[in-house]
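Heads up: the structure comes next, in structure tokens.
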Amino acid sequence: MNDKKTPTLRWDDAFWIIAFAFILSVVLFIFNKPLGAIGFAGVIYTIYYINALVNKKREAFVQKMESLETSFSDATRSSLFGMPFPMCILNEEGEILWYNTRFKKLVVYEDLLNKQVDKLIPAIDVPKILDKKMPEIIEATIGEQSFQFYYNIIDSYKQEEQNQILLYGVDNTQDAITARKYLNEALTVMAIQIDNFDEVYQSTEESSRPLLFAEIDKAINTFAMEYRGFARKYDTEKYLLIFQKADLMDMIQDKFPMVEQVREMQFGNRIPPTMSIGIGASIDTPLEIYKIARLAVDVALGRGGDQVVLNDGENLTYYGGKKKAIEKHNKVKSRVISQALTQLVEQADGVYIMGHKNPDMDSFGSCLGIYYFVKAQGRDAKIILEEIPPTIDSVYNMTVEHLPELPQDILKPAAAVEQANSSSLVIVMDNHRKHSTEAPELLDISDQVVLIDHHRRGADYIEDPTLIYLEPYASSASELVTELIHYSEHEFQLPKAVADALLAGITVDTKSFSIQTGVRTFEAASVLKRFGADSISVKKLFREPADTVKYRSHVVANSQIYRNTIAISRFEERLDNSVLIAAQAADSMLDIRGVKASFVSTYSGDKIHISGRSVGEMSVQIILEKMGGGGHQTSAGVQLKNMDMEFAEERLRAAIDEYLDEEEEKVESNSEK
């Protein structure tokens, strides 16, 4: 765009100048009436002059357009005005300079000359067109019609004149209707699994079992027929539903009523049946759609079950999942995983163990436990740590003091990447997100990856692990590791320092055995006690400097209650342990009467970190997932880039509002039933 070209004069441009002159005249009139009167006269003359100038330019413009039309030959004029698609010419301000009959009929507006085109067709952004930031084809909907608009910039060779834009559209309404029909009729696969089948079966009286499971079958088949699909049961607790994508939209709007219906079934069962549902909704072959549906089921199971996961081939969307994961009492899986892990260790060319970045006591303690699980088999193992953050300095110093050989087996991520090869075994602890691990590159190098975690499964999942032990019912990764050690084929004496570290990991994730604590949590603690774990020694690991206690108390004191039950606060000091203080303050805020969840924002480098905690009645995981984070139902976090704390808290409140509104809608829909 040439800055030397003369802009078009419009009343909009002169308004503020005239307004300023009028106000100045009023002020002059107050202090000096003769000067004020002269000022008013000047304003009136300016209005008259600008009006005459605008009219003159408009007449010149009309004459120019008329001369343009008359200069066309009859054939040219007939072609332009009779074009089967709408056309117009715009100036650099987006004003319509010329149009044909089709364009006038399309926008249905009386006086089109000098009208801003974006007022008629919002999709047309002239500044972006001139800056070449608009796509070559602009999709626009006008009334019930769909158009594809094309444009061409006509360069002016005269300095005093502006460039012009030739805009013309092609009606693709029929193509758009066909495309929508194609998408609406696309094949969609729903895979359903009763995720606590064994527990429900065992808790139901023998005489009532056929009735209960027959009712579940009936509910699923009825659900399929209501949405014009069909269902098939292909295993004891597995079903497959086929339907069209248009019906999926109705299911989402209705909030998948079958899930709640099955959960509320009572036929002598002491445990409510819950379902994990995975939906494949990509535009692909039937086999690929089925595969992503099965993957979605695995994600739902990994997040604790009792929910729906939609997989469109690119993104995962979650529905439900607000219930606490049911503790499974069958310990066969722990024994099988322990044996399988033993075999992988024996076959591996080196073992590398890592938790998540900025590790806590559970991450580090579980890594230590697996480290000695491997050492008990006579194999070498390395723990990967980038740094020793304040969250683990006490437990790290304690273990190094009692186990002086440990530091030589702790590697930086860069060193581990250099040493590892495809035959190495990589064990990921207390985390299942690839980019949250200490060394994501290791996962690409090794062909053997083991995943041990207790968090609900999220989107950034480590793909195709060789062995997975993901149990959302568990209190902590340290609890799972303790079970693997307990069922190990190799008998060994776990060092007391490692037993203390594992007990510390369980303690920190359960808030001293008060949250997410089941029978197996206490059983794991008793196993560690037999290995010499001491609760007094563990308590000492949680002692803090006086400044940390003061900072935490300050954060709690400045907390505000949002929506009656949620405490929100912030910690604005930039310290090495800011994230730790924020997390501890969020824990402490749960002690406020009536508070069901708490959130604390702080700085973590150049990011905003938000720690979320709850007592179990609300899922902080789902709230922070809406902001790109994740974690567990009672403990979650998120890190936000490129924003200040004020905006981060605004986004947090919006996510909380969305979560609570969904809960209220769910309560209302259930009451209507």
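Some values worked out for this structure:
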quantity: Extreme residue, farthest from Pro472 (Cα to Cα), among residues of region 280-312 that are open to solvent by less than 20 Å² (accessible area, probe 1.4 Å) and in a loop (DSSP other than H, G, I, E, B); calculated: Ser282
quantity: Residues within region 255-271 that are out of contact with any Phe, Trp or Tyr (no Cβ under 9 Å at 6 or more places or on another chain) and either basic (Lys, Arg) or without any contact (Cβ under 8 Å) to a residue 24 or more places away in the chain (or both), tallied; calculated: 4
quantity: Among (1) at positive phi; (2) part of a strand (DSSP E or B), the one test that Asn642 misses; calculated: (2)
quantity: Enumeration of residues in region 239-256 that are open to solvent by less than 50 Å² (accessible area, probe 1.4 Å) and either in contact with an Asp or Glu (Cβ under 8 Å, 6 or more places away or on another chain) or not in a helix (DSSP H, G or I) (or both); calculated: Tyr239, Leu240, Leu241, Ile242, Phe243, Ala246, Phe256
quantity: Residue in region 187-230 that is surrounded by the fewest Cβ atoms within 10 Å (Cβ to Cβ), counting only those that are assigned to a helix (DSSP H, G or I) and charged (D, E, K, R); calculated: Lys218
quantity: Flag if Ser71 is open to solvent by 60 Å² or more (accessible area, probe 1.4 Å), among the polar types (S, T, N, Q) and at pLDDT below 55; calculated: yes
quantity: Condition broken by Val259, with the remaining ones in (1) surrounded by 18 or more Cβ atoms within 10 Å (Cβ to Cβ); (2) under 22 Å from the mean Cα position of the chain (by Cα); (3) closer than 27 Å to His632 by Cα satisfied; calculated: (2)
quantity: Residue list for region 504-514, filter: open to solvent by 20 Å² or more (accessible area, probe 1.4 Å) and outside any helix (DSSP H, G or I); calculated: Lys511, Ser512, Phe513, Ser514
quantity: Breaking point among (1) of a type outside the set (A, V, I, L, M, F, W, C); (2) part of a helix (DSSP H, G or I); (3) open to solvent by 10 Å² or more (accessible area, probe 1.4 Å), for Glu463; calculated: (2)
quantity: Top-ranked residue in region 442-458 [being open to solvent by 10 Å² or more (accessible area, probe 1.4 Å) and in contact with a Gly (Cβ under 8 Å, 6 or more places away or on another chain); ranked as farthest from Glu625 (Cα to Cα)]; calculated: His455
quantity: Set Asn184, Asn152: member being open to solvent by 20 Å² or more (accessible area, probe 1.4 Å) and without any contact (Cβ under 8 Å) to a residue 40 or more places away in the chain; calculated: Asn152
quantity: So Tyr659, is it under 23 Å from Arg433 (Cβ atoms), in a strand (DSSP E or B) and at pLDDT below 95; calculated: no
quantity: Of the criteria (1) open to solvent by less than 40 Å² (accessible area, probe 1.4 Å); (2) at pLDDT 85 or above, which one Tyr234 fails; calculated: (1)
quantity: Qualifying residue in region 433-441 (condition: under 17 Å from Pro465 (Cα atoms), in contact (Cβ under 8 Å) with a residue 40 or more places away in the chain and open to solvent by less than 10 Å² (accessible area, probe 1.4 Å)); calculated: yes
quantity: Test: Asn431 is farther than 20 Å from Glu479 by Cα, within 34 Å of the chain's Cα centre (by Cα) and not in a helix (DSSP H, G or I); calculated: no
quantity: Flag for Ile165 being farther than 24 Å from Asp298 by Cβ, open to solvent by less than 50 Å² (accessible area, probe 1.4 Å), β-branched (Val, Ile, Thr) and part of a strand (DSSP E or B); calculated: yes
quantity: Residue list for region 119-138, restricted to those being closer than 19 Å to Lys104 by Cα and open to solvent by 70 Å² or more (accessible area, probe 1.4 Å); calculated: Lys119, Pro122
quantity: Residue among Ala414, Ala376 that alone is farther than 23 Å from Lys540 by Cβ and surrounded by fewer than 17 Cβ atoms within 10 Å (Cβ to Cβ); calculated: Ala414
quantity: Tally, over region 92-115, of residues that are part of a loop (DSSP other than H, G, I, E, B) and in contact with a strand residue (DSSP E or B) (Cβ under 7 Å, 6 or more places away or on another chain); calculated: 6
quantity: Candidates Asp444, Asp393, Asp430 - the one that is on the phi > 0 side of the Ramachandran plot and not aliphatic (A, V, I, L, M); calculated: Asp430
quantity: Thr399 open to solvent by less than 60 Å² (accessible area, probe 1.4 Å), touching a His at 6+ places or on another chain (Cβ under 7 Å) and closer than 30 Å to Arg574 by Cα; calculated: no
quantity: Of all residues in region 136-174 being at pLDDT 85 or above and of a type in the set (Asp, Glu), the one that is nearest to Lys119 (Cα to Cα); calculated: Glu139
quantity: Spans of strands (runs of 3 or more DSSP E) in region 537-620 with at least 1 residues modelled with pLDDT of 95 or more, closer than 21 Å to Glu663 by Cβ and open to solvent by less than 30 Å² (accessible area, probe 1.4 Å); calculated: 566-571, 597-604, 607-614
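A quick yes/no check of all residues on (1) part of a loop (DSSP other than H, G, I, E, B); (2) open to solvent by 10 Å² or more (accessible area, probe 1.4 Å); (3) not hydrophobic (A, V, I, L, M, F, W, C):
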position	(1), (2), (3)
Ile337	no, yes, no
Ala340	no, yes, no
Leu344	no, yes, no
Ile353	no, no, no
Asn358	yes, yes, yes
Gly365	no, no, yes
Leu368	no, no, no
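Condition check ((1) among the small types (Gly, Ala, Ser); (2) under 24 Å from the mean Cα position of the chain (by Cα); (3) under 22 Å from Pro390 (Cβ atoms)) across all residues:
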position	(1), (2), (3)
Ser553	yes, no, yes
Ile566	no, yes, no
Ser569	yes, yes, yes
Glu573	no, no, yes
Val579	no, yes, yes
Gly605	yes, yes, yes
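The values are calculated or read from the model by the stated rules, or taken from the named source; none is laboratory data. Source: prediction; values computed, not measured. All Cβ positions, even for glycine, are placed from backbone atoms using ideal geometry, and neighbour counts span all protein chains on display. The protein model used for the area step is the full one, side chains on, heavy atoms only, and it has no ligands, DNA or RNA in it. Shrake-Rupley method; radii C 1.70, N 1.55, O 1.52, S 1.80 Å.
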